[in-house]
Amino acid sequence: MASFQGPLLYEGKAKKVFGTDHPEECLVLFKNDITAFNSKKHAHLESKGSLNCQISALVFKLLERNGIPTHFLAVREDSLMLVQKVEIIPLEIVVRNVASGSLCKETPIKAGSKLAHPLVDFYYKDDDLADPLLTDARLDLLDLVTLSQRMEIKNLALRVNNCLKDFFQEIDLLLVDFKIEVGFNKNGELLVSDEISPDSCRIWDLNIENQEDRILDKDRFRKDLGGLTDSYLEVLRRIQSSNQFSLKDSLN
Ligand code: TMP
Ligand code: ASP
């Protein structure tokens with residue numbers, strides 16, 4: 001496994017990706033920056049990067065244990081994750097169980113309504129275009145993936161949802177919706193990549209009824225509710241205390 005942090009390959013809003021001394025491995029640094037509304041809102045929150053790195057690592061481990069392939073290899077330091085190198089497909093794949101966010105802005109569906117079936121939406125990952133929602137016809141037109149790869153991506157997203165929804169339920173959390181990014185490694189395997197954290201999910205505390213108080217994700221920042229790092233810490237604490245992970249379970 002790689003042991004050396006090489007050159008910066010890519011910098012996004014919340015992460016930096018570095019090369020390593022291994023051609024098929026990268027190091028991902030989770031930054032303390034947080035943005036919303038396509039960077040119109042921006043802040044720096046101490047320990048946010050470390051919390052998201054630790055939460056993502058445990059979520060990726062959980063997925064792996066359930067036979068869902070991810071790019072995760074190990075946690076190297078507080079905010080640094082070693083991952084397999086993948087060719088990221090410029091799509092944001094969103095799975096929704098409960099109506100919230102853009103679904104309620106763009107349709108008459110009331111916030112908080114449980115959806116009869118999980119809804120999978122594909123968005124084109126491009127900040128300049130503000131990540132537009134894609135139709136099947138536009139996905140055909142863009143030709144980013146074949147039809148069978150698109151089906152494979154949708155199935156993968158639904159498998160992630162089944163696994164995480166049940167896991168979160170066990171720790172009294174409701175998985176409202178989430179976004180994943182996926183990519184192919186050098187062997188052509190499709191891997192769940194990027195991160196899965198409260199920055200990229202909506203997570204509500206099932207023990208709290210008040211709608212604002214139960215939000216444990218980035219909506220606390222989007223809606224100026226405060227208490228974001230405490231909420232992320234609560235998500236991490238619940239995951240660590242679940243039956244799946246004991247304290248002696250090393251992150252590596
Ligand atoms: P949306 O309701 O704003 O479309 O968001 C759906 C889910 O996707 C929600 O869990 C937040 C996540 N998301 C991201 O991770 N990145 C983004 O850029 C956006 C717009 C949403
Ligand atoms: N990820 C996007 C941004 O950083 C949008 C969002 O999460 O609300 O601006």
Practice problem: Look at segment 29-44 and say how many of its residues are open to solvent by 10 Å² or more (accessible area, probe 1.4 Å), among the aliphatic types (A, V, I, L, M) and either away from ligand 2 (no atom under 16 Å from the Cβ) or closer than 18 Å to Arg202 by Cβ (or both). | Solution: 1
Quiz item: Can you tell me which of Phe178, Phe221 is aromatic (Phe, Trp, Tyr) and not in a strand (DSSP E or B)?
Solution: Phe221
Quiz item: So which residues in segment 109-136 are over 30 Å from Glu209 (Cβ atoms), touching a strand residue (DSSP E or B) at 6+ places or on another chain (Cβ under 7 Å) and part of a loop (DSSP other than H, G, I, E, B)?
Solution: Lys125, Asp131, Pro132, Leu134
Exercise. Considering only segment 93-126, state which residues are closer than 30 Å to Glu25 by Cβ and surrounded by 20 or more Cβ atoms within 10 Å (Cβ to Cβ).
Key: Ile93, Val94, Val95, Phe122
Practice problem: For Leu139, state whether it is part of a helix (DSSP H, G or I), in contact with a helix residue (DSSP H, G or I) (Cβ under 8 Å, 6 or more places away or on another chain) and within 15 Å of ligand 1 (Cβ to nearest atom). | Solution: no
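Could you tell me which residue of segment 129-148 is most open to solvent (accessible area, probe 1.4 Å), considering only residues that are within 16 Å of ligand 2 (Cβ to nearest atom) and of a type in the set (A, V, I, L, M, F, W, C)?
This residue is Leu129.
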Self-check item: Matching residues, segment 14-48, being basic (Lys, Arg) and part of a strand (DSSP E or B)
Solution: Lys15, Lys16, Lys41
Quiz prompt | Matching option when the condition is open to solvent by 80 Å² or more (accessible area, probe 1.4 Å) and touching a residue at least 24 places away in the same chain (Cβ under 8 Å), among Asn207, Asn161 | solution = Asn207
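The values are calculated or read from the model by the stated rules, or taken from the named source; none is laboratory data. Because the structure is a prediction, the values reported are computed rather than measured. In this analysis, Cβ positions are derived from the backbone assuming ideal geometry, glycine residues included, and neighbour counts consider all displayed protein chains. The area values use the complete protein model at the heavy-atom level, side chains included, leaving out ligands, DNA and RNA. Shrake-Rupley method; radii C 1.70, N 1.55, O 1.52, S 1.80 Å.
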